[in-house]
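Before any comments, here is the structure.
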Amino acid sequence: MPEFRPSSLTRLPSIPRRATMRRLATLGTLAACALALPLSAAAQAQGQPQAQLAGGKPIRILVGAPAGGTTDTLARTIAQEMSQELGQAVVVENRPGAGGNIAADLVAKSAPDGSTLLMSFTSHTINATLYKKLPFDPVQDFTPITLVATVPSVLVATPKLAASNVPELIRLARSEPGKLNFAIGSVGSSLHMAGDMFKMMTGTYIVNIPYKGTSPALTDVLAGQCDLMFASTINVLPHVRAGKLKVLGVTSPAPLPQFPGAAPIGNTVKGFESSAWFGLFGPAGMPQETTQALYHAARKGLESPAVRKRLENDGAQPVGMPPEAFAAFVKQDIKRWAGVVKYSGASPE
C-alpha cells in the first residue's frame, strides 16, 4: 500500500469504524422514531381553516446551494406542497456560498414571523466545527421545524474510468496514487466527508477538486474533466440511466433498487456507510403556533403518496420529524461531526 499523501483540502487519518457505525446508527434510530411519533393536536385537526402566516405574504425558503442540487430539489418539492396546505405562496430562493452559511445567516437575522425559512443540510451541523467563527449560532439562532428527508449517496465515475466497481477502483487508485481525482461540490459537506472517509478506510490517495456547488462538480464529471464524485441519488439517477455516468457503489448498507448491480461500498470497505440529511428551519424566537403550522404543512406534503413515491424513486427517505425531536437531533449531530472534522484537519477555503 502506498504512503498516504493528503490533498490540498484535507489531511485525514483513518476514521474509527465503530464511531462511524455508531453515528449512522443513531441517525437511523432518530429518523425511525420520528416516523412513529404522532402529529401534534393542531396537525391532527381536520377541516379547520388555518390562519395565514406572516400576514399572508409569500413565504421564502432560502437554499444555501445552487439550483439543481439535492437541497434545491427537496426545497422546491416541499414548497409546492406547503403552498397548497397553507393557502399562500411559498417560493424558493437560492443563496449559495460558504457551505450554506450565507443563506443560514440571512435566515438567522430575519423576523421570526414564518416568512423566511431555511432548507439546510448536513453541512449545518458540520460547519459548527468546520468554521472557526460563524456569524450565527447553529443552535441558538434557529427554530428547527422538521427533518425533511435523508438521502444516501452513490459513488459515480466518468464512463471512461478503467474501473467499474469499488474493488477495481481501489486497485487502480493504489497503483496510481494521486492520478485520480474527486469532484467536491462543497468543502465540508457530507459528500466531501464521504470521499475522505473512503480514502482513509482504503489507504488510497485521490486528489480533491473543489467546486462551488453540486451542479458544476457534476458537470465536470459528466464531461470527463474529473474522474469520480460522491453524489446524492437524486442528482445522478437520470445521468446513470442515460449511460453518461457509471455507478461504482452505493453508500447505503443495502443495495438501492434505482441502481441495479451497484453493490454497497460497505461490502468491500467494511464499516463504510454515509447518508445526508435535509431539514427546514426558521429564525429563533418563532411562536410555537407558527412553528407547528409550518411543520404540519411540511409533514402533510411528505405524507402525500405522490411525493413519497417521487422521493423514494430517487432514493430519498421522507422523514417529517417533529420540531422537538429535530432540535435534539441537530444538537447531537453537531457533537457527532465535531470529532470527525477535528480529526480530519479539513478547513474551508
Boolean, ALA183 is modelled with pLDDT of 95 or more, small (Gly, Ala, Ser) and buried (at least 21 other Cβ atoms within 10 Å of the Cβ): yes
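When segment 150-180 is examined, which residues are found to be of a type in the set (A, V, I, L, M, F, W, C) and either in contact with a Leu (Cβ under 6 Å, 6 or more places away or on another chain) or exposed (fewer than 14 other Cβ atoms within 10 Å of the Cβ) (or both)? Break it down stepwise before answering.
Going through segment 150-180, the residues of a type in the set (A, V, I, L, M, F, W, C) turn out to be 151, 154-157, 161-163, 166, 169-170, 172-173, 180.
Matches in segment 150-180: LEU155, VAL156, ALA157, ALA162, ALA163, VAL166, LEU169, ALA173.
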With respect to the numbered conditions (1) in a loop (DSSP other than H, G, I, E, B); (2) surrounded by 23 or more Cβ atoms within 10 Å (Cβ to Cβ), which one is the sole condition not fulfilled by GLY285? (2)
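Out of curiosity, is ALA262 outside the structural domain of GLN80 (by TED's automatic domain parsing), within 23 Å of LEU147 (Cβ to Cβ) and assigned to a loop (DSSP other than H, G, I, E, B)?
Spelling it out, it is not the case that ALA262 is outside the structural domain of GLN80 (by TED's automatic domain parsing), within 23 Å of LEU147 (Cβ to Cβ) and assigned to a loop (DSSP other than H, G, I, E, B).
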Subset of segment 194-228 that is touching a residue at least 40 places away in the same chain (Cβ under 8 Å) and in a strand (DSSP E or B) - its residue that is farthest from the chain's Cα centre (by Cα): VAL207
Just give me the residues in segment 86-105 being assigned to a helix (DSSP H, G or I), hydrophobic (A, V, I, L, M, F, W, C) and crowded, with 19+ Cβ neighbours inside 10 Å, in sequence order. LEU86, ALA98, ALA103, ALA104
Condition set modelled with pLDDT of 90 or more and surrounded by 23 or more Cβ atoms within 10 Å (Cβ to Cβ), scope segment 207-218, selection farthest from ASN235 (Cα to Cα): answer is ALA217
List the residue pairs whose Cβ atoms are under 9 Å apart, where the first residue sits in segment 318-332 and is under 17 Å from THR291 (Cα atoms) and in the same structural domain as GLN140 (by TED's automatic domain parsing), the second is of a type in the set (D, E, K, R) and surrounded by fewer than 17 Cβ atoms within 10 Å (Cβ to Cβ), and the two are 6 or more positions apart or on different chains. GLY320/GLU303
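The values are calculated or read from the model by the stated rules, or taken from the named source; none is laboratory data. The structure presented is a predicted model; accordingly, all values stated were derived computationally and were not measured. Ideal geometry is used to build each Cβ from the backbone, glycine not excepted, and the neighbour counts take in all protein chains shown.
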